[in-house]
Amino acid sequence: MVKWTEEERCIIRGVWEKVDIDEVGAQLWARALIVYPWIERYFGSFGDTFTTTAILNNPKLAALGKIVLAALDTAVKNMDNVKGAYASLSRVHYEKIKVDPEHFRLLAECITISIACKLKAELSPQVQSTWQKFLSAVVDSMRSQYK
Amino acid sequence: MSLSAKDKNTVKTFWAKVSSNGEAIGADALSRMLVVYPQTKTYFSHWKDLSPGSAPVKKHGATVMAGVADAVAKIDDLTSGLLSLSELHAFTLRVDPSNFKILSHSILVVLAIMFPTDFTPEVHVAMDKFLAAVARALSEKYR
């Protein structure tokens, strides 16, 4: 179980309340696919995900981005037991969707960069460090059922 | 961390000794990888049997080591030598490049197990550098 100080909880919530799930979510997968094109392997049923223009305008990707951030909201609200909160999600990603867990880490990096675009200097090194601690806990929880 | 002339020689000499065991090395390395790093199983959902030493694992292990043998032969220019393999991994297989390190480590473990006296630290470093260079060449076409 990850331990959080009061200050860390404040920082994480502070970052998260500045994130507009619809706005950031809509562009999240576009960023991930453009930066890490090989993750396209999961999106065979998503229509055109092959050109930058298609990726940026794909409604299924936009919808999925919002779903991912809604799940992240769950993690923010369950900071003391993200592992428990994410157990079935982890299992689904392992057994059904068969996602390489390295891609949780890659997506987390994209989330941080999207947030950096929004928060700019407010994402100070200290704030980023705390946010990173949180995202690492989320990624670990997503990996937890991979056995 | 590019391969020195000494590294290349060490790799070629060691490979000459062990290459006849290529299939066994590949089968064991892949078997271990799937058990020790279960996340790698996500790339093999099309296989009926992922257990150590199973038929698909053995067959694929041989394929992988044939690729390694090819890389040894092309050690002086891995980037152009492995171009079509890179394209295969980047566009068709889309294996996350982080997995190359995992498989490389698994291969090194098997080499240590099978050739404990030959797999000296000097051979270890040369082989590790070589497999890392192969991984780099394979990653070339990804983006």
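Taken together, the values in this text are just the output of simple stated rules run on the coordinates, not laboratory data. As the structure is a prediction and not an experimental result, all values here were calculated from the model. Note that we place each Cβ from the backbone using ideal geometry, even for glycine, and neighbour counts take in every protein chain shown.
For the range B:2-52, which trypsin sites (Lys or Arg not before Pro) pass both filters: DSSP loop (anything but H, G, I, E, B) and at most 11 other C-beta atoms within 10 Å?
The qualifying sites are B:K48.
Check cross-link reach from B:K17 to the lysines: straight Cα distance under 16 Å, and skip same-chain residues fewer than eight apart.
Cα-Cα hits under 16 Å: B:K8.
Considering the dipole of chain B built from charges on the beta carbon (Lys and Arg +1, Asp and Glu -1) around the Cα centre, which of B:S139, B:A62, B:T92 is farthest to its positive end?
Comparing the listed Cα positions along the dipole, B:T92 ranks first.
For A:V19, A:V24, what ranking results if the residue with the fewest other Cβ atoms within 10 Å of its Cβ goes first? Could you put the intermediate results ahead of the total?
Details: A:V19 19, A:V24 22.
Neighbour counts put them in this order, fewest first: A:V19, A:V24.
Write down Rg/Rh for chain B, rounded to two decimals, with Rg from the C-alpha atoms and Rh from the Kirkwood relation over Cα pairs.
A ratio of 0.95.
Label-point separation (nm) for A:L89 and A:V2, each offset 7 Å from Cα along Cα-to-Cβ?
1.2 nm
So how long is each side of the protein assembly as shown along the principal axes, counting just the alpha-carbon atoms, biggest first, in Å?
61, 42, 40
Reachable aspartates and glutamates from B:K12, Cα under 20 Å, same-chain residues fewer than 8 places away excluded?
Output for B:K12: B:E23, B:D70, B:D76, B:D77, B:D118, B:E122, B:D128.
As a quick test, which of the pairs B:K101/B:K141; B:K6/B:K101; B:K58/B:K129; A:K3/A:K98; A:K18/A:K120 have an alpha carbon distance above 19 angstrom in this structure?
With Cα atoms farther than 19 Å apart: B:K6/B:K101; B:K58/B:K129; A:K3/A:K98.
Mind checking B:131-143 for the average number of partner chain beta-carbons within 10 Å of each residue's beta-carbon?
For this peptide, the per-residue mean of nearby foreign Cβ atoms is 1.
When 1/r is averaged over all different Cα pairs and the result inverted, which Kirkwood radius in Å belongs to the range A:6-146?
Numbers: mean 1/r = 0.0645 Å⁻¹.
This gives a value of 15.5 Å.
Out of A:V2, A:S124, B:T42, whose Cα points farthest toward the positive end of the dipole of the protein assembly as shown (charges: +1 Lys, Arg; -1 Asp, Glu; placed on Cβ)?
Farthest towards the positive pole: B:T42.
Which of B:S51, B:S86 has the fewest other C-beta atoms within 10 Å, and how do the rest follow up to the most?
Taking fewest neighbouring Cβ atoms as first place, the list is B:S51, B:S86.
I want to check the label-to-label distance for B:T92 and A:T53. Put each point 7 Å from Cα in the C-beta direction and report it in nm to one decimal.
Distance between the two pseudo-spin positions: 3.0 nm.
If you place +1 on the Cβ of every Lys and Arg and -1 on the Cβ of every Asp and Glu, how big does the dipole about the Cα centre of chain B come out, in debye to the nearest 20?
On the way: 16 positive and 13 negative charges, 48 e Å.
With only Lys, Arg, Asp and Glu charged at Cβ, the dipole is about 220 debye.
For the protein assembly as shown, give the magnitude of the charge dipole about the Cα centre (Cβ charges: +1 Lys/Arg, -1 Asp/Glu; no others), in debye to the nearest 20.
Using Cβ point charges on Lys, Arg, Asp and Glu, the protein assembly as shown gives about 380 debye.
When N is the residue count of the range A:2-63, what does its C-alpha Rg come to as a fraction of 2.2 N^0.38 Å?
Working: Rg = 15.6 Å, N = 62, 2.2 N^0.38 = 10.6 Å.
Ratio of Cα Rg to 2.2 N^0.38 Å: 1.48.
If you average the C-alpha positions of the range A:26-79 and of the range B:2-29 separately, how far apart do those two centres end up, in angstrom?
41 Å
Shielding of B:29-39 by partners, i.e. mean partner chain Cβ atoms within 10 Å per residue?
Mean inter-chain Cβ contacts per residue within 10 Å come to 2.
Filter the GluC sites (Glu not before Pro) in the range A:88-135 to those in DSSP coil with at most 14 other Cβ atoms within 10 Å of their Cβ, and list the result.
Loop-located and lightly packed - none at all.
At a 10 Å Cβ-Cβ cut-off, how would you order A:I111, A:I21, fewest neighbours first?
A:I21, A:I111
Averaged across A:100-108, how many Cβ atoms of other chains sit within 10 Å of each residue's Cβ atom? Let's see the in-between values first.
On the way: counts 10, 7, 8, 4, 1, 2, 2, 0, 0.
Mean partner shielding for this stretch: 4.
Once you have the Cα-Cα distance between B:E23 and B:A132, take 0.36 nm times their residue separation minus that, and quote the gain in nm to one decimal.
Length gained, B:E23 through B:A132: 37.2 nm.
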